[in-house]
1. Taking a spot 7 Å from the Cα of residue 248 along the direction of its beta carbon, which residues of the range 102-123 have an amide N less than 20 Å from it?
2. Does anything in the range 203-228 have its amide N under 20 Å from the 7 Å Cα→Cβ label point of residue 197, and if so which residues?
3. Give me the percent relative contact order of the range 2-289, please, defined on Cα pairs under 8 angstrom at least 6 residues apart.
4. Can you order the peptides 214-220, 203-209, 31-37 by their average number of other Cβ atoms within 10 Å per residue, highest first?
5. Can you compute the helix-only [θ] at 222 nm over the chain? Use -39500 (n - 2.57) per DSSP H run of at least 4 residues, normalise by all residues, nearest 500 deg cm²/dmol.
6. Roughly what would the spin-label model give for residue 265 and residue 51, points 7 Å off Cα along C-beta, in nm?
7. Per 10 Å bin, what is the whole-percent P(r) computed from every C-alpha pair distance within the range 163-250?
8. What residues of the range 5-44 lie in the reach of a label at residue 229, counting those whose backbone N is under 16 Å from a point 7 Å from the Cα along Cα→Cβ?
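Every read-out reported here was derived from the displayed coordinates using simple, explicitly stated rules and does not represent laboratory data. Not measured: the values here are computed from a predicted model. Cβ sites come from the backbone with ideal geometry, for glycine too, and all protein chains shown count toward neighbours.
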């Protein structure tokens with residue numbers, strides 16, 4: 001059994017490695033393509049590539065899909081439009097290392113939002129892990145001096161990345177809450193095309209940014225590897241290992257991101273990255289490991 005789990009671990013690990021690489025792509029895209037255009041072209045490419053495989057099935061399910069259209073729009077808005085667009089805008093002023101570490105808060109934020117929106121009883125792990133991660137985030141964003149956040153403010157890109165991470169946590173909670181009766185790939189396909197429609201006005205309003213030799217490889221990575229291949233790997237991981245076991249591998253994301261950023265972008269790992277990021281990640285792990293519920297005693 002342990003051997004089989006180790007064997008199938010390659011699926012979620014590979015997916016997370018691709019997603020970590022996408023953070024690097026976001027940083028590399030800054031300056032060579034407008035963020036709005038990057039988001040639009042990425043999802044347009046993914047939608048076109050999935051059309052031969054998904055369109056027929058979606059058409060067959062159209063009567064089942066129609067009552068849930070507004071929910072699909074909401075999912076696309078939080079999970080694809082806000083999250084990825086804000087990440088591309090954040091890359092203009094935030095380092096890939098900081099972006100990856102801020103994004104590592106996603107599992108914890110999902111647990112916190114689940115307690116509020118799904119009325120799931122909070123755990124002691126969520127409470128203490130949340131406080132620990134908040135402290136780590138203050139060290140990270142404050143570049144080792146949390147008190148300076150109240151005097152010097154924060155890097156705008158770091159703030160955008162935090163908002164993006166919260167948006168994706170909302171997406172994850174809504175996805176669980178609604179549990180739409182639509183096949184996973186068909187739901188993904190629908191969200192992609194809704195995202196394309198929502199992003200079109202933003203893309204048209206932004207400065208003209210054509211596809212060039214400089215940004216095409218980045219678009220191919222984002223549109224194919226990060227949007228499609230990673231989903232195939234992740235779904236296979238969940239199918240063989242289960243959602244709970246697969247999600248634990250998300251903790252590898254900031255580690256992968258830091259390593260790739262150092263190698264590809266030649267980014268320096270500062271002490272505040274190590275300390276703040278380490279404390280933030282410790283809080284996330286604490287929230288996932290300690291499952292004891294907080295019980296309110298009534299008199």
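1. It comes to 104-112, 123, nothing else.
2. 203-205
3. Relative contact order comes out at 44 percent.
4. Descending packing order for the listed peptides: 31-37, 214-220, 203-209.
5. Rounded to the nearest 500, the figure is -22500 deg cm²/dmol.
6. 3.3
7. Values per bin, smallest distances first: 13, 35, 36, 14, 2.
8. So the set is 10-26.
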